[in-house]
Amino acid sequence: MRKSGSNRCLLLLFSGLFAGIALVQMQSDARFSEVFSEYFLNQYATLQIDTGRLLGYIGRFRAGQYLLLLCLGGLSGAPAAIGIFLFCVGVCWGNTLSISVLRLGLKGILICVAGLVPQIFFYIPAFGWVFLWVCRGGSNRRKYLFLSLAGALFLFFGILTEVYVNPSLLQQLLRIKIY
């Protein structure tokens, strides 16, 4: 059960990824004409980013996601709720990846990966333990609270890197005109 629970989580994530790719493939190309366009990428490469406002936005968004996930993890139907959450995350990633590849080819994948680094190295432990806890049937509430606090610390550093490090890395990559 424990091993199959983790596999089920991955299956739902990748099912969502493929569903997101399929959704984009069924749409007309004109619908996504402005997303990842040369104009958009040039604008982002030269944009002066207000890190204070970005910190507020990213902080609220990521903390909201984390709190939602923690609340879902405490429900009796947590595996189903987490499964829906993972499927939706997969759909979002599939949409983004598919649109970037349609617009930019393999360079779009590079831009998507650059958009995730380095904060993904903090978000995986912050969010990942909840997925594993629920998928493997964890029931010790004291350990759940401890892992919640440890995850919040990783979330905090993930938010900081997403706000202060990632935009400059992505802008430097876009300034060398890889697309």
**Request:** May I ask you to list the residues in segment 82-109 that are aliphatic (A, V, I, L, M) and more than 23 Å from Tyr39 (Cα to Cα)?
**Result:** Ile82, Ile84, Leu86, Val89, Val91
**Prompt:** Of these, Tyr57, Tyr39, which one is modelled with pLDDT of 90 or more and among the hydroxyl-bearing types (Ser, Thr, Tyr)?
**Reply:** Tyr57
**Message:** Checking Gly56 against (1) within 18 Å of Trp93 (Cβ to Cβ); (2) open to solvent by less than 50 Å² (accessible area, probe 1.4 Å): exactly one of these is not met. Which one?
**Reply:** (1)
**Asked** Got at least one residue in segment 100-110 being among the basic types (Lys, Arg), closer than 23 Å to Leu17 by Cβ and out of contact with any Gly (no Cβ under 6 Å at 6 or more places or on another chain)?
**Response** yes
**Request:** Would you mind telling me which numbered condition in (1) out of contact with any Leu (no Cβ under 7 Å at 6 or more places or on another chain); (2) open to solvent by less than 20 Å² (accessible area, probe 1.4 Å); (3) of a type in the set (Ser, Thr, Tyr) Tyr164 fails?
**Result:** (2)
**Request:** Look through segment 123-158, keep the residues that are among the small types (Gly, Ala, Ser) and within 15 Å of the chain's Cα centre (by Cα), and return whichever of them is nearest to Cys9 (Cα to Cα).
**Result:** Gly128
**Message:** Against the definition (buried (at least 18 other Cβ atoms within 10 Å of the Cβ), over 20 Å from the mean Cα position of the chain (by Cα) and closer than 30 Å to Leu41 by Cβ), how does Leu104 come out, yes or no?
**Reply:** yes
**Complete:** Residue count, segment 13-45, condition without any contact (Cβ under 8 Å) to a residue 60 or more places away in the chain and of a type in the set (Val, Ile, Thr), comes to 0
**Message:** Condition first: open to solvent by less than 40 Å² (accessible area, probe 1.4 Å) and in a helix (DSSP H, G or I). Now tell me which residues in segment 17-53 satisfy that.
**Reply:** Leu17, Ala19, Gly20, Val24, Phe32, Leu41, Ala45
**Matching entry among Ile82, Ile178 (being open to solvent by less than 20 Å² (accessible area, probe 1.4 Å) and either more than 15 Å from the chain's Cα centre (by Cα) or at pLDDT below 90 (or both))** = Ile82
**Prompt:** Within segment 120-135, is there a residue that is open to solvent by less than 60 Å² (accessible area, probe 1.4 Å) and under 29 Å from Glu34 (Cα atoms)?
**Reply:** yes
**Asked** Residues in segment 60-68: is at least one open to solvent by less than 80 Å² (accessible area, probe 1.4 Å) and touching a Gly at 6+ places or on another chain (Cβ under 9 Å)?
**Response** yes
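The values are calculated or read from the model by the stated rules, or taken from the named source; none is laboratory data. Please read these numbers as outputs of a predicted model, since none were measured by experiment. Backbone-built Cβ (ideal geometry, glycine too); neighbour counts: all protein chains shown. Accessible surface is based on the protein model in full, side chains and every heavy atom, while ligands, DNA and RNA are left aside. Shrake-Rupley method; radii C 1.70, N 1.55, O 1.52, S 1.80 Å.
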